[in-house]
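*Asks:* Pasting a structure below so you can have a look.
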Amino acid sequence: YLNLSILFNNTPFQDIISSGRWRNGTSFPEVNLSDLTRLALVSHTGGLYTDTDAVAIRNTDKLRNFVGIQDGSTLANGLFHFDRTSPYLKAVMENIAKSFQ
């Protein structure tokens, strides 16, 4: 059992979760929750997140602080790695929190 209030404490997503806004405006609120959760979890622990359908064709051990790209230019949230203290991840989360609908 994951206590969401603890996971999202002190993150830019805290208000989105506590207010329940992650449920609004979508037929699939669990997708919003999943997207926010993976970013919050990596922000607390650091490390690699990958969807189960990603395939690595090279060793990724030395890669750090990266986001996968799909279709040549779109950031993908299905593959990324960040250090726990990554300022880039913090900026991404702040941008998502500002524009979240």
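The values are calculated or read from the model by the stated rules, or taken from the named source; none is laboratory data. Keep in mind that this is a model prediction, so the values were computed, not measured. Cβ: placed from backbone, ideal geometry, glycine included. Neighbour counts: every protein chain shown. SASA here: full protein model, heavy atoms, side chains in, ligands and nucleic acids out. Shrake-Rupley method; radii C 1.70, N 1.55, O 1.52, S 1.80 Å.
*Asks:* Hey, rough spin-label estimate for GLU30 and ASP71, points 7 angstrom out along Cα→Cβ, what's it come to in nanometres?
*Replies:* Roughly 2.5 nm, to one decimal.
*Asks:* Also, quick follow-up: Over the chain, give the accessible area per residue in Å² for a 1.4 Å probe, as an integer.
*Replies:* I get 70 Å² per residue for this part.
*Asks:* I've got another one for you. Provide the descending list of Cα extents for the range 12-101 along its principal axes, expressed in whole angstroms.
*Replies:* 41, 28, 21
*Asks:* For the range 30-99, with all protein chains present and a 1.4 Å probe, just round the carbon and sulfur fraction of the accessible area to a whole percent.
*Replies:* Here carbon and sulfur together make up 53 percent of the probe-accessible area.
*Asks:* What number, in percent, do you get for the relative contact order of the range 51-101 if the mean sequence gap of Cα pairs under 8 Å and at least 6 apart is divided by its residue count?
*Replies:* After rounding, I find 28 percent.
*Asks:* Separate question: Once both labels are modelled 7 Å past Cα along the beta-carbon direction, what's the SER18-LYS98 spacing in nm?
*Replies:* Modelled inter-label distance: 2.1 nm.
*Asks:* Relative to the longest principal Cα axis of the chain, at what angle does helix 29-45 sit, 0 to 90 degrees, rounded to 10?
*Replies:* For 29-45 against the chain, the angle is about 60 degrees.
*Asks:* Mind checking the angle between helix 87-99 and the chain's longest principal axis? C-alpha axes, 0 to 90 degrees, to the nearest 10.
*Replies:* 40
*Asks:* With the crude spin-label approximation of a point 7 Å out along Cα→Cβ, what separation in nm comes out for ASN9 versus ALA54?
*Replies:* 2.8
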